[in-house]
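First the structure, in the form of structure tokens, and then the observations on it.
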Amino acid sequence: MAPKVDNWSVIYFAKNGEEPFVTVIFSEEKFYQKKHEQIITAEDQKCRQSLCSLEDEEPEDLLPELRDPSEILLDQHLERLVAHLPAQTQGYPWRLVYSTVVHGISLRTLYSNMASVDRPVLLVIKDMENQVFGAFSSHPFRVSNSCYGTGETFLYTFSPEFKMFSWTGENSYFVKGFRDSLQLGGGGGPFGLWLDDDLNHGSSFSCSTFNNQPLSGHHDFAVQELEVWTFE
């Protein structure tokens, strides 16, 4: 006679239309499967359930929805970037606010296109050596008398592999917009990322705001294409 067990329950489960298996869960956290007369530990069962789940579920589409085509971003860029964006941007389609291909090369136009934007923005740059890098800004770019932004702002590069440079807490020189330039990061020296007024040339140096490495292959770079995206 089988020993009496006070705490137990019965789980019925089936797969591929076959007859149900009956699993009795004992208080000792072991599973006794009557049909095959074998003991299955709780850990084994968890692993089996996990494998079944992976087999039965379709893989999630982790890529964001782009409402406009990008001349720079590939799937591998999107996969890495979306995984590091703040929660407030997750689940929203990406909309192209500014592109040198579409809107021409002008910092003034970039500012103008963002006048009605009240969401974070993602700056994406491809230089003449086909290196991709840029910045996430908690606030849209604008001409300002002082620095603005929050600690969610970061720099990133895919040159030669993906790296993200978060706020160090050293200072709050996140973003400052001039009529003739755009600057991100600083602190008593060169900027983490700097762009001129016609968005043709830029530079990138290590800065105390982000403790970043130069984002391009060289400190000074020429812009091939530039895009700014928002999330809405």
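Sorted into 10 angstrom bins from 0, the C-alpha pair distances of region 86-174 split as 14, 44, 37, 4 percent.
For region 129-232, the ratio of Cα radius of gyration to the globular rule of thumb 2.2 N^0.38 Å stands at 0.98.
Throughout, read-outs are computed from the coordinates displayed, never taken from laboratory work. All of these numbers come straight from a predicted model, not from anything done at the bench.
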